[in-house]
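Structure first, commentary second.
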Amino acid sequence: MSKVSIIEVKTAEQLKQFVQFPMDLYKNNPYFVPSFINDEINIWNPAENPALQYSEAKQFLASKNNTIVGRIALIINHKEEKELDIKKVRFGWIDFIDDEDVSKALIQTAIEYAKEKSIPKIEGPMGFTNLDKAGMLTFGFDKLATMIGIYNHEYYPKHIEKWGLTKEKEWVEFEIIFPDSLPDKIYKFNELISQKYQLKVLKFNSKEEILHYVDAMFDLLDVTYNHLSTYTPISDEQRTTYKEKYFKLIDKDYIVCVVDSDHNLISFAITMPSYSKALQKSKGKLLPFGWWHFLRAGRKNERANFYLIGVHPDYQRRGVTSIIFKEIFDTFKKKGVKFLETNPELEDNKNIQLLWQDYNPVNHKRRRTYSLEIQ
């Protein structure tokens, strides 16, 4: 039996192999959605990824019979350790063929790295921060992936559990079929809430107008989620990176911003047309012709993805989410969108899930991170 060799990524060619491996592994899989290849490469460049200013990261390849058969990245977020007193090795970008020797070698690499750093726990799959992809798919393998969701083969969690890792966190995702119309009571309720709290929905005439509210959105994310035990504030450098990375894909019509009488942002939501099929067709590249697939997906698309929502604590449970959903519905009606897929939501985050409760949401995907205490 051939031995599995673990190779630390040190060269540009090895990094290219690291990024390319899932493209090869899922070549004929109709549900896998590739990431932008250049973005994946830039993740490991300190000049491009501000999280590397406070994190350690290593990437490894698994080789068997002189063929790449797996990969894994290991991360230590020192900001998380300092601010939350959480010591763990995050593992992510984990992919492997259906070979237990390969998955075992990858997990063992994470364990040995944790021991070397005197860190008592490993957890993954996850990225550097809260805004990175996280969670191994455990249900919904026959559903098209999204840009913000990890896709993996059905055998992945079976391997991970075999090597002693157990569930740490669970996320759920929902698909909603939009109705042809909303009941009159919803419009009346939204008008009542808007008048009671003197709220106003902003309308943007250009994408550039949104830029004036981006920092306020990040501030609102911090106050919305800072009660979660695993949440770390978003740094200024990360804000800049996310603006540059995602702003080119944002459609002004898919953003809902609600302000109070003093024009303070009290809630926002970001949805986007689904770019999953565009990414598949472009194979993760905008050039030379990938941009055309994205342009078409943005102009005509019956599917959309829900990305982010922030609601100031003072306005939570006051009907503001109803205003947001009504605005989303009106936009989707004009755009011809019939299906909405939510982003991964923590299983116990009932406040967010209340947003969908009146619209017959179908839980079509589940995912989780796995952890192991190091002896």
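The radius of gyration of the Cα set in segment 260-345, together with its Dmax, comes out at 15.8, 48 angstrom.
For segment 179-337, the equivalent ellipsoid derived from the alpha-carbon gyration tensor has semi-axes of 28, 22, 13 Å in decreasing order.
Using unit Cβ charges (K, R positive; D, E negative) and no other charged atoms, how large, in debye to the nearest 20, is the dipole of segment 179-337 about its Cα centre? Mind showing how you got there, number by number?
Values: 25 positive and 19 negative charges, 203 e Å.
That gives a dipole near 980 debye.
In terms of accessible area, using a 1.4 Å probe and ignoring ligands and nucleic acids, Lys115, Lys121 rank largest first as Lys115, Lys121. For segment 4-171, relative contact order (Cα pairs under 8 Å, six or more residues apart, normalised by length) works out to 21 percent. Taking amide H as placed 1.01 Å from N in the peptide plane, Tyr307 has its amide H under 5 Å from the amide H of Ile270, Thr271, Met272, each at least 5 places away in sequence or on another chain.
What is the gain in length, in nm to one decimal, between Asp132 and Thr67 on full extension, counting 0.36 nm per residue of separation less the C-alpha to C-alpha distance?
On the way: separation 65, 0.36 × 65 = 23.40 nm, distance 2.88 nm.
Answer, rounded to one decimal: 20.5 nm.
Specify which residue in the list Thr342, His263, Ala304 is farthest towards the positive end of the charge dipole of segment 215-343, using unit charges on the beta carbon of Lys, Arg (+1) and Asp, Glu (-1), about the Cα centre. Working it through, the farthest residue towards the positive pole turns out to be Ala304.
With all protein chains in place and a 1.4 Å probe, the accessible surface of segment 16-144 carries 45 percent carbon and sulfur.
Label positions at Glu161 and Glu116, each projected 7 Å from the Cα along the C-beta direction, are separated by 3.1 nm.
Computed over the chain, relative contact order equals 23 percent, with contacts defined as Cα pairs under 8 Å that lie 6+ residues apart.
Taken over the Cα atoms of segment 55-191, the convex hull encloses 161 Å³ per residue. Taken as Cα centroids, segment 272-304 and segment 174-202 sit 30 Å apart, rounded to the nearest whole angstrom.
Charged side chains reduced to their Cβ positions (Lys and Arg at +1, Asp and Glu at -1) give the chain a dipole of some 920 debye around its Cα centre.
Accessible area ranking (1.4 Å probe, heavy atoms, ligands and nucleic acids excluded), largest first, for Leu372, Leu131: Leu131, Leu372. For His78, the accessible surface of its heavy atoms amounts to roughly 70 Å² (probe 1.4 Å, protein chains only, rounded to the nearest 10). Each of Thr146, Phe21, Pro34 was scored by the projection of its Cα onto the charge dipole of segment 4-171, and the greatest displacement toward the positive side belongs to Phe21; charges sit on the C-beta of Lys, Arg, Asp and Glu. The relative contact order of segment 179-337 comes to 27 percent, based on Cα pairs under 8 Å that sit 6 or more residues apart. Counting only the backbone N, which residues of segment 118-141 are under 15 Å from the spot 7 Å out from the Cα of Asp98 toward its beta-carbon? 141, by backbone N distance to the label point.
Helices in the chain, meaning DSSP H runs of at least 4 residues, each add -39500 (n - 2.57). Divided by all residues, the mean residue ellipticity at 222 nm is -11000 deg cm²/dmol.
May I ask you to rank Trp93, Trp291 by accessible area, largest first, using a 1.4 Å probe over the protein chains only?
Trp291, Trp93
The values are calculated or read from the model by the stated rules, or taken from the named source; none is laboratory data. A quick note: this is a predicted structure, and the numbers were derived from the prediction, not measured. Positions of Cβ are generated from backbone atoms using ideal geometry, with glycine treated the same way; all protein chains shown enter the neighbour counts. Heads up: the accessible areas ignore ligands, DNA and RNA and are worked out on the full protein's heavy atoms, side chains in. Shrake-Rupley method; radii C 1.70, N 1.55, O 1.52, S 1.80 Å.
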